[in-house]
1. Find the percent of Cα-Cα distances in region 61-152 that exceed 16 Å, and round it to a whole number.
2. Among residues other than I314 whose Cβ falls under 10 Å from its Cβ, what is the net charge (Lys/Arg +1, Asp/Glu -1)?
3. In debye, nearest 20: dipole of the chain around its Cα centre with unit charges on the Cβ of K, R (+) and D, E (-)?
4. Taking the dipole about the Cα centre of the chain, with the C-beta of Lys and Arg at +1 and of Asp and Glu at -1, give me whichever of G312, G299, P166 is farthest to the positive side.
5. Have a look at the DSSP beta bridges in the chain and tell me what percent are antiparallel, nearest 5.
6. Which whole number in µm²/s is D for region 172-294 by Stokes-Einstein, with the Kirkwood Rh taken over Cα pairs at 37 °C and 0.692 mPa s?
7. Consider a paramagnetic label point 7 Å from the Cα of H86 along Cα→Cβ; state which residues of region 95-137 have an amide N under 13 Å from it.
8. What is the pair-distance distribution P(r) of region 157-198, computed from all Cα-Cα distances in 5 Å bins starting at 0, with each bin given as a whole percent?
Amino acid sequence: MNGIWTKGNFRVAIEVKNIVKRFGAFAALDGVDLKAANGELLALLGPSGSGKTTLLRIIAGLDWPDAGEVSFDGENALAHGAGERHVGFVFQHYALFRHMTVFENVAFGLRVQPRAIRKDETGIRRRVKELLDLVQLDWLADRYPSQLSGGQRQRIALARALAIEPRILLLDEPFGALDAKVRKELRQWLRSLHQEINVTSIFVTHDQEEALEVANRVVVMDKGRIEQIGTPGDVYDNPATAFVHSFIGESIVLPVEVCDGCVRLGGRALNIAANGLASGPSKLFVRRHDMQVGPAGSGALEGAVRHVRTFGPIQRAEVALSGGESVIEIDAPRDRELKAGDIVGLQPRRYRIFAATE
């Protein structure tokens, strides 16, 4: 690591307690509690308006809560402004200085530090070279931002954020402006980089694939509240709420009725357990790949195949369910060839049922 990071100096725990932030009558954050462990890479995931960027900006000191606490290693962060929190921030749109070379962009934060801690010119040049090596772009030092690709600009923006040796690294939709192929490459690169530098990091995204691939833990947010916190496997395989199930992964959602432990769709009893859910209107959630396809009469559901498309190793079939107006899409392996007009039985391998009020 060329001596840039020393273990212990950059492993900072973050805790927010009962954070409230309103914009007029709109509650952007409504009693949010969250902890990020030392050296963790945490993703804030949710749709637009869920409060994730507002929370990130409050942690950074760019916004202030109406109520609540923010602490870094047990110290009150709200007693300090953004410039005193020693936080590195990476924005979606790079925010590089167009009139400066790559080298000078990375050096900027070092040059404006207080005289008491500012490195001399030799030290600044050494550190910038180390950072450009770290992001694998040392060969672009003399170029200007307009001469770089989007992915290169974002890596330079990250190097600039790391130049001041931040205690915490915050990233707001860091790859949102890039095309899909570059985003995927940078996700893998960020994960590897984080393992190397080990600085406590929080990044905001609305891209579920990005969050699941990169983060140690995922914080799923909606309407200013946290719906679930867990590992990528936890939030995907064991969604805590109907919102999490529908937002993460592609789900089939069917309106059902639970009555004394029996699950009914359109008046027809389904061969699945209610798993202790109280009687009343409910919703059945099934991942498309968790719907097992068999011959007619073999499953809890039955329907007619309307249309089939092929996607690499899978085929996606549109199925009109019998005895109702529901049309669903399922994913099936290509070794079971489906065609329009087939009558098939469908059995959920894994599923969740939530009360309709959730």
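The values are calculated or read from the model by the stated rules, or taken from the named source; none is laboratory data. Quantities reported herein were computed from a predicted structural model and do not represent experimental measurements. Here the Cβ positions follow ideal geometry from the backbone for every residue, glycine too, while neighbour counts run over all protein chains shown. Side chains included, ligands, DNA and RNA excluded: accessible areas come from the protein's heavy atoms. Shrake-Rupley method; radii C 1.70, N 1.55, O 1.52, S 1.80 Å.
1. Of the Cα pairs, 65 percent sit more than 16 Å apart.
2. +3
3. Charge dipole of the chain: 760 debye, to the nearest 20.
4. Value: P166.
5. 80
6. It comes out at roughly 194 µm²/s.
7. Within reach of a label on H86: 117.
8. For region 157-198, the pair-distance distribution reads 5, 19, 30, 27, 13, 5, 1.
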